[in-house]
Amino acid sequence: MKTLTDIKKRLTSHKSMLQEKYKVFQIGIFGSYAKNEQTPNSDLYILVDYAETPDLLSLIELENY
């Protein structure tokens, strides 16, 4: 099971690409992972704040990323 630190490191390593390709301004984690209360069955909830309003195709691409 990945830890919050592992997830943050991975998101940080992709930060430049996410900003350039998808115009991501900020990414946040919420739910059980943010509170360090995750279990093996927990979902990971990610909040994305965009610098520019994305089109539908970009939203779908990022969701699948």
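So, of the residues in the range 1-33 that are in a loop (DSSP other than H, G, I, E, B) and touching a helix residue (DSSP H, G or I) at 6+ places or on another chain (Cβ under 9 Å), which turns out to be modelled with the lowest pLDDT? Lay out the reasoning, then the answer.
Step one: of the range 1-33, the residues in a loop (DSSP other than H, G, I, E, B) are 1-3, 14, 23, 31-33.
Checking which are touching a helix residue (DSSP H, G or I) at 6+ places or on another chain (Cβ under 9 Å) leaves us with 2, 23, 33.
Working: K2: 88, K23: 94, Y33: 95.
The selected residue is K2.
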Fill in: Filter result for the condition that a residue is surrounded by fewer than 13 Cβ atoms within 10 Å (Cβ to Cβ) and touching a helix residue (DSSP H, G or I) at 6+ places or on another chain (Cβ under 8 Å), over N41, N64, N36
N36
Worksheet item: If you scan the range 44-61, which residues turn out to be part of a helix (DSSP H, G or I) and loosely packed, with under 12 Cβ neighbours inside 10 Å?
Response: L56, L57, I60
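The values are calculated or read from the model by the stated rules, or taken from the named source; none is laboratory data. Treat the numbers as computed from the prediction; the structure is a model and nothing was measured. Backbone-built Cβ (ideal geometry, glycine too); neighbour counts: all protein chains shown.
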